[in-house]
Structures are given as C-alpha cells and as structure tokens.
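Take a look at the structure set out below.
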2 protein chains.
Amino acid sequence: MSPRVGLNLEMIIKTAAEMADKEGIETVTLASLARKLNVRSPSLFNHISGLPNLKRELSLYGLKLLYESLAVATEEKEKDEAIIAMANAYLLFSREHPGIYELTLRAHDPNDQEMDQASSRILHLISSILADYHLNDEETIHAIRGFRSILHGYSSLEQKGAFGMPVKLEDSFHLLLEGYISFLRKK
Amino acid sequence: MSPRVGLNLEMIIKTAAEMADKEGIETVTLASLARKLNVRSPSLFNHISGLPNLKRELSLYGLKLLYESLAVATEEKEKDEAIIAMANAYLLFSREHPGIYELTLRAHDPNDQEMDQASSRILHLISSILADYHLNDEETIHAIRGFRSILHGYSSLEQKGAFGMPVKLEDSFHLLLEGYISFLRKK
DNA sequence: TCATTATAACTAATGCCATTAGTTTTTCAA
DNA sequence: TTGAAAAACTAATGGCATTAGTTATAATGA
C-alpha cells in the first residue's frame, strides 16, 4: 500500500537544515518536515526518535560543517592571518547557515560524547591558532573565550538584525578583530 | 460562578518573566502560565492577544529592565569607569534574567515603535558613554557595534554553558574589556 | 528460488497546546 | 438601581508530537 520512498537520516537532516536556514528554526516541525519529504510524520520515527533528537542531529551536523569551514579557511595560515581567516569563515557560516549556526550553540546533554567531541574539535582548532602567540595556559583560556565572544557576539547580533542598517558591517567586524589582535600581541 | 481573580497585564508579564528566567523560555506556554495564575488559559486573552504578543511584551519588559540596570550602573561615571560599570551590569543582567535577556534580542516588527524606542534608549546610553572618547560618527558606530558584540557574545556563551568549567570567568571578561578599552583609546 | 524476518512505510488514536466562539458573572458608572 | 463593559468561564476546533498497531516491501539465508 505504501511504496518505500527511500527515506534516510541524511535526507532528513539535510532537508531540516535547509528549512532551519531558509525559513527559521521554529518552522521546523515534524509535520512540516514530513510534508516536504512527501511522507507522513510518524514515518520519521523510523529514523529519528523525535523532535528533540532531530534538533540534536542538526546541532551535530552544524558543528561538523562549521569545523570543516574553519579548518579549510585556516589551512596553512598562522598568527594574524589565521585569526582573520577564521573570523571571516565563522561570520560567513553564520550568514549562510543562520538556523544551524544557532542550533550549534544549544546546550547539550553532558553525557553526549559525540556532541562533546564535535564541540571540542572546534575549540582545539582555535587553540592551535592561538598557540602561535606563545601564551601560557591561563592566557590561552582567556584568549579563546575572548575570541569566541567576539565571533559569536558579532555574528549573532548581525543575524538578529540588531545592527540596523547594514552600513560598513565588514569594517566594524574587522576593526573589532584588529583590536583583539593587537591585544593578543601585547601579551 | 467564576470569581474575578484580578488578573492584569503586569501580573501576567511578571509571572511569565519569572518562568522564562527560572525554567526556560520554552516552558512559558499559555497553558503553564494560566496554571500558575490559577486561571483557565482563555482568560489570558482578555489581557494579551496570544502567545506571540506575550513574547513581545516580555521582550519590551526586558529592554526596560535592562535599560534601567545599565543607566543606574553608569550614573555619574565616565570613560573607562563607565564602560566597565556598564559591562558588569550587562553581564549581571544576563545572569539574573537569562530568559528575558534572550527575549530582548528577538527580532521585532519594524513597525513596532514602542519596541524600536526601547531598543534605541539602550543604544543611546551606550553612545553617550562612548562620546567621552571623542570619536567621529563612523568610529562611534564601529565602537558601539564592537562593544555590543563583546557584551552579548560573552554573556550569551556563558549563559549557554559554552565556556565549560566556570574557571576565572570574571577574569576572561575583564581582560576582553581591557583590550577593547585600550583599542578605543588609540582611536 | 522461495520462505522468513526485519524494516519502513502507513492509519488510527491520544493528549497537549493555542485559539475562537459563545456564555455567565461581576464591576462600575450613569 | 439598572445597564453596559469587562473578565472570567466552558465548549469546541485544529494543529502538533508521539505511540500503537498494521501492512507492504526489501533483504537474507536455506
């Protein structure tokens, strides 16, 4: 009675990610997702265990994509050049994937090792770039937190439209980075 | 049959705000709110026009509270001292009111003048503090965006638990601010 | 090849939620 | 004191996530 349509987890995640990015996270419901996939919503449960689990999958997917973007952008680069490349890649990611970007920051189950690992890969990438500045352990912690704050703060506010007219947006971001870098160097 | 319980908009907003801060935004539903107020959920519609409208009221309430906190904190202060005072007040607000803090950043209807005004009061407050540094118009725009990015980025990441163990959190924040201030001074 | 088994789709049903319609009760002002 | 406006209510609707139970398809192994 029901022809198999060949649904799988990857299709589900990619379709949901596209919805989250183009139409907003809140529009991603199992009902709307099932409609887009030409399937009845209970069928999704053969591949995911529910909406919270789908969100977790999206978050994980986003972390992996973000890591790839950052890694590619910073390949073969070091110091200021690496910092700027990473910052640009980060901002670009948040612009192209506003939905899954926001999902990457959702607090996750502390027992979820896969999520932990995906997050820490990004942290290590940042850490490896900052290593070029020869900071001690404590300074490195502060530097990572500061860098992430700048990246997330700027991306998040821009994405929410909090900056109003998009005048000289790039300049604002680069000046902020410049300030951060000059402070790094003084350490 | 139904004794009037004396519900009003203020009670509704304050109760909802408390739920948002203590139990999370997603737990604020008209059903749960009505239960907490000992009322049936349709009764809420005599005071608000629905859940989206309640969220808007919460956002407005948050913006007003945040403005007050920042204004009080920076009274009679200027330059670095004012910046640090504002930053501390901002971070404190996001810690004490994580729910409504997040709601203050929700994109709002561009025709909603009351929301516009509540947002711009905060912007003007920041602007007035930065005026002490005698920046030109363009530099001021960049400086405001940078300051807001740092404040929001740090607050948001801390609130989401993205910094992991809360080791030397205050230090990280103040170092970041210090970097920002030294950059301001160089302009 | 064919029978068995697992899997992936389905329908039906439940319960929660937001919202609307329509009713009753209370308050308040003329 | 009476009548209108407001604030509560019940009942009903429709959408959603999720579960249970059913059927069809695919995959496996004799």
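Just grab the label-to-label distance for A:ASN53 and B:GLU78, each label 7 Å out from Cα along the Cβ direction, in nm (one decimal).
About 6.2 nm separates the two model spin labels.
About the Cα centre of chain A, what is the dipole size in debye to 20, counting +1 per Lys and Arg Cβ and -1 per Asp and Glu Cβ, all else neutral?
Computed about the Cα centre, the dipole is about 660 debye.
Given charges of +1 on the Cβ of Lys and Arg and -1 on the Cβ of Asp and Glu, with all other atoms neutral, how large is the dipole of segment B:53-147 about its Cα centre, in debye to the nearest 20?
So the dipole magnitude of segment B:53-147 works out to roughly 380 debye.
Can you give the net charge of the other residues whose Cβ lies under 12 Å from the Cβ of A:HIS108, counting K and R as +1 and D and E as -1? Don't skip to the answer; put the middle values down first.
On the way: positive: A:LYS55, A:ARG56, A:ARG106, B:LYS160; negative: A:GLU57, A:ASP109, A:ASP112, A:GLU114, A:ASP116.
Local charge sum for A:HIS108: -1.
Say a label goes 7 Å from Cα toward Cβ at A:ARG121 in every copy; what distances in nm does this one have to the rest, shortest first?
Distances between equivalent label points, in nm: 4.7.
What's the local net charge at B:GLY164, with K and R +1, D and E -1, over the other residues with C-beta under 12 Å away?
+2
Rank these by accessible area, largest first, 1.4 Å probe: A:GLU10, A:GLU76.
Largest accessible area first, the residues go A:GLU76, A:GLU10.
Roll a 1.4 Å probe over the protein heavy atoms and report the accessible area of A:LYS36 in Å², nearest 10.
100
Given just the C-alpha atoms of segment B:52-186, how large is their convex hull per residue in cubic angstrom?
Hull volume normalised by residue count: 107 Å³.
Taking a label point 7 Å out from Cα toward Cβ, give me the nm distances from A:LEU92 to the same spot in the other copies, shortest first, one decimal.
4.2
Assume the label is 7 Å from Cα along Cα to beta carbon: what separations in nm does B:ALA31 have to the matching positions in the other copies?
Listed shortest first, these distances are 1.3 nm.
Leaving ligands, DNA and RNA out of it, rank A:ASP21, A:ASP109 by accessible area with a 1.4 Å probe, largest first.
From most accessible down to least: A:ASP109, A:ASP21.
Given a Förster radius of 35 Å and the C-beta distance between B:SER120 and A:ARG106 as r, what FRET efficiency does 1/(1 + (r/R0)^6) yield to the nearest 0.05?
0.70
Would you calculate the separation in nanometres between label points at A:HIS174 and A:ASN46, each defined as 7 Å from the Cα along the Cα-to-beta-carbon direction?
5.3
Can you name the residue in chain A whose Cβ lies closest to the A-to-B rotation axis, and give that gap in whole Å?
A:GLY153, 1
Less than 14 Å Cβ to Cβ from B:GLU81, Lys/Arg counted +1 and Asp/Glu -1: what total charge do the surrounding residues give? Each step should come with its number before you reach the end.
Working: positive: B:LYS77, B:LYS79, B:ARG185; negative: B:GLU75, B:GLU76, B:GLU78, B:ASP80, B:ASP132, B:GLU178.
Every neighbour counted, the sum reads -3.
Got a sec? What order do A:ASP112, B:ASP116 fall in by accessible area at 1.4 Å, biggest, i.e. largest, first?
Sorted by accessible area, descending: B:ASP116, A:ASP112.
Computed on protein heavy atoms with a 1.4 Å probe, what is the summed buried accessible area for the chain pair B and A, in Å² to the nearest 100?
2800
Taking 8 Å as the Cα distance limit and 6 or more residues as the minimum spacing, I'd like the relative contact order of chain B as a percentage.
Normalised by residue count, the contact order of chain B is 20 percent.
With the other protein chains left in place, how much accessible area per residue, in square angstrom, belongs to segment B:52-186 at a 1.4 angstrom probe? Mind dumping the intermediate values first?
Values: 6230 Å² over 135 residues.
With the other protein chains kept in place, segment B:52-186 gives 46 Å² per residue.
Can you pull the percent of Cα pairs in the protein assembly as shown with separation above 35 Å?
31
Just to be sure I understand the model, the point goes 7 Å from the Cα along the line to the Cβ. What's the resulting A:VAL5 to A:LEU92 distance in nm?
Rounded to a tenth, the inter-label distance reads 3.4 nm.
The values are calculated or read from the model by the stated rules, or taken from the named source; none is laboratory data. Source: prediction; values computed, not measured. We place every Cβ from the backbone using ideal geometry, glycine too, and count neighbours over all the protein chains shown. Accessible surface areas use protein heavy atoms only, side chains included; no ligands, DNA or RNA. Shrake-Rupley method; radii C 1.70, N 1.55, O 1.52, S 1.80 Å.
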